[in-house]
Each structure stands twice: as structure tokens, then as C-alpha cells.
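Below: the structure, in C-alpha cells.
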Amino acid sequence: MAVGTMLSIAGTGAGSATEFFGEFRNLCRVESKFRQRPKRISVCTCMDGNNFSHHNCIWRVPSTRNFNFKTRDSYLVMAIGKENVSEDTDDTYDDLFNKFGKVVFRRKDQKPHSEEVDDDAESLSFAVAMAKVASEVKAGDIKVLFVKPLVYWTRFFIIATAFSRPQIDAIGSKIRDLAEKKYGKVPTGDSKPNSWTLLDFGDVVIHIFLPQQRAFYNLEEFYGNATSIELPFENQPPFHS
Amino acid sequence: MLAAEFSMAAGFASTSSRVGRSLLGCLSNNLSSVLGTSQGIACCNLLLQQQRTFIQMRTVLKVVDNSGAKKVMCIQALKGKKGARLGDTIVASVKEAHPNGKVKKGKVVYGVVVRAAMQRGRCDGSEVKFDDNAVVLVDKQGQPIGTRVFGPVPHELRKKKHVKILTLAGHIA
């Protein structure tokens, strides 16, 4: 179930603060504890994914965690309510709201919206260039998925089908060459061609499957919530006679 | 219930020697009277915490993918003299399996450790440790045998070239 609830917290009255918390308490069964450095207040999130219902929340000292789901429109981070909130924390939140307005926690290393879009555009152009190379080598059924809202460790997935191991090798080496020449990126990934070859370029991850592996692992279903990017060239159909 | 814990590497822990819980439990009372109260409490905490160690031969681990196995016992840690840690590969024997799964009981499989009770340091100074030891089964080439991974997996897998497991995981710690 999608976790992307976004609040545009702007100019709402202080009285509705507790309402928001009530809603969130119903939405997420999250138990979080604060293990904080004295400087920052951290809020933990628990993605209410498929098989996660029996786990408690993970607590951590935040370093590079991306708390933003769907930050296209605002860069205010939402505060997620907790299950067993004590009176003190309620009061603390109220105090904070009164003092600072609705923004309780804003990440300091967050870039403004325009820069984020620029970064994404760069990765997008890289991803589309890679997909183009793959289609030149006659890879089948190329899909580019924008997974940044779902997954924080990468931005784009490229999924392609190759029909034989030498073809996987060929696609892999062409992509590596182009990336190194044009963009200067070196992928960390498998060196030997496997039935599932993966090339990790940091914010773009390329998966090259054999047809039966693609059906077996079924990544499109797993990342079904990701938006698919339109490719400007024609795709080869996955099965040809 | 499982929970993961991050803790800053305590200076106290690094300087003093680690001791087992049962050995010096009786001494904690003496310590708290000898030292000041705050130091005594810190000492107490250290002595009452369990000392977690590597994953080695005969360690039973939980399997957290849908390959069919439930529990495996480590036979060999492939890297490291003392044992395997978070993100390492092990050779294991399946001890318990689902009746209709891809692996059967008694099979020798490779696995990647995705959760370990022993803490592992991260580059920013924090440490990550989990409540249990869990493994994802892979084949000899490193391809996962199952199709989905359950529970949280740490970020350390990316550095260790196990990005495939990260893509199959639903939650990343």
C-alpha cells in the first residue's frame, strides 16, 4: 500500500495539529523511540509494506535518510504520529508548533526543488541514453522506471531482456563503454554475465534478464507503483518468432 | 518482536575490555559502590549487555526469502578467519524447510547474511545491529534463489555488490 501521504503544511491553524496526529495514529502502526543527538529531533518511519507487519520500527541516528515521499510540490517533511504517544511528547509537539509553525523538522541538507529536478533530469537523460544503447543491441522490452519515491537508494531502474548470454555480455559492455566515455561513470556490478546481470551506476540501476528470469523475479510487479518513463524510440517486443 | 538498534560507539566500550554478562554480574554491585553512581550505572549497563559475536560454524540462521528454507546452519564463513559478519557470504546446510519449496532439507547452499546480531560499524561512525541473524539464499554465482526478501536489510549490501538482494527487499534499513 502506498505510503505517499503528503502534507502541504502551510497556514493551518494550531488547533488542527492534534487532528493530524489522530489521523496519523490510525494510518501507521509505528512505534518509535528517540535516540537522538542533542541537536536534532528525529522521527522514524516504518514503511507499511507487504510483509512488514510483524516488525517494530528501526531506530537510527539519521545521516542520509530520505524522508521525502513525493516531494515534487513541497519540501516540508511530514511528521508521522506514534502509537503510544505520551502526554509529554504531545505537549512538546504543541510547543514546537506554536513556536515554529507547522514545520517540526526540516532537513538541512535538502536541496531546493529546482535543484532536485535538475539532478533528476541529469539522471533521466543518462537513463534514457543507456536505454537507447540497449535498444541498439536489440534488447527486448526495455522499461525505465522512476523509483525515487519508493526507494531511497537509487533514482531510476532500467529493465531489459536479452535473449542469449552473449547478448547480455554485449549490452553490458556497450553500456559500460558509453557510460565511461560520455559520463565518466563506472558501474559496480557483476563482471561475469549471469542470467540476471546488474549494473549499478549510483542513481541508475540497470537490470538485464533472460526471458525466464524476468518472469521469475517479476520486478515490474514489485515496483508496480513506480511511474514508467516514456522512451522516445520503439521497443522491441519481448517475444519474437 | 524484532527491532534494530543503532548506537554510537561508546568511548567507554572501546577503552575498557568487554566482559561476558554472567561472569561479572556479581561484581557490578561492588563496582557501583566503589565508583560514583553514574559511572557505576554505565559499568552495570556494559556488564549486563550480551556480547555478540561473529557468525561461525554451527550458527543457526533464519532464512528471510521465499526460497523454501526456514532455518539453515552455517558450515563455513567464506571470508574472515573469525567468522562472517553482516553482508558476508556463508556456506550453510538447510535444517528446516517448507514442504514444497525450491530447496530441501539437507541441501548445502550459499547465503548472504542480511541481519546480524553483532554490530557493524558504518562509515559515519554509527553502528547497526539487529535482533536476529538472518540470511538470504543465493547460488554460487550470487543470484538469489528466492524472489522476494522479507524484513529490513541494511545498506551494507550495496557496498558488497549484493544490489540484487536490495532490489528484492521491501524495506531497507
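Quick rundown of the values:
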{"quantity": "Förster radius 30 Å - calculated FRET efficiency between B:Glu127 and B:Val60 (Cβ-Cβ, nearest 0.05)", "calculated": "0.80"}
{"quantity": "Solvent exposure ordering (accessible area, 1.4 Å, most first) of B:His162, B:His98", "calculated": "B:His98, B:His162"}
{"quantity": "Dipole moment magnitude, nearest 20 debye, the range A:153-203 about Cα centre, only Lys, Arg, Asp, Glu C-beta charged", "calculated": "120 debye"}
{"quantity": "Estimated distance in nm for a label pair at A:Ala215 and A:Ala129, the labels positioned 7 Å out from Cα along Cα-to-Cβ", "calculated": "3.6 nm"}
{"quantity": "Shielding by partners - mean other protein chain Cβ count within 10 Å, residues of B:159-168", "calculated": "5"}
{"quantity": "Cα-Cα over 18 Å, subset of A:Lys132/A:Lys182; B:Lys70/B:Lys160; B:Lys71/B:Lys102; B:Lys107/B:Lys140", "calculated": "B:Lys70/B:Lys160"}
{"quantity": "Additional length obtainable on full extension of the chain from A:Thr227 to A:Asp88, 0.36 nm per residue less Cα span", "calculated": "45.9 nm"}
{"quantity": "Separation between Cα centres of the range A:136-213 and the range B:73-115, rounded to whole Å", "calculated": "28 Å"}
{"quantity": "Solvent-accessible surface ranking, highest first, for A:Ile208, A:Ile229 at 1.4 angstrom", "calculated": "A:Ile229, A:Ile208"}
{"quantity": "Spacing of the two label points (7 Å from each Cα toward its C-beta) at B:Gln51 and B:Gln141, in nm", "calculated": "4.4 nm"}
{"quantity": "5 angstrom amide H check on B:Lys105, placed H, neighbours 5+ away", "calculated": "none"}
{"quantity": "Burial of 20 Å² or greater, the range B:115-148 residues [accessible area, probe 1.4 Å, versus chain by itself]", "calculated": "B:Asp124, B:Gln141, B:Gln143, B:Pro144, B:Thr147, B:Arg148"}
{"quantity": "Listed pairs B:Lys82/B:Lys129; A:Lys143/A:Lys192; A:Lys192/B:Lys104; A:Lys138/B:Lys164 exceeding 26 Å between Cα atoms", "calculated": "A:Lys192/B:Lys104"}
{"quantity": "A:Lys99 paired with A:Asp118, simple spin-label distance in nm, labels 7 Å along Cα-to-beta-carbon", "calculated": "3.4 nm"}
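The values are calculated or read from the model by the stated rules, or taken from the named source; none is laboratory data. All values reported here derive from a predicted model rather than from experimental measurement. Counting neighbours? That spans all protein chains shown, and the Cβs are built from the backbone with ideal geometry, glycine included. Ligands, DNA and RNA are excluded from the accessible area calculation, which covers all protein heavy atoms including side chains. Shrake-Rupley method; radii C 1.70, N 1.55, O 1.52, S 1.80 Å.
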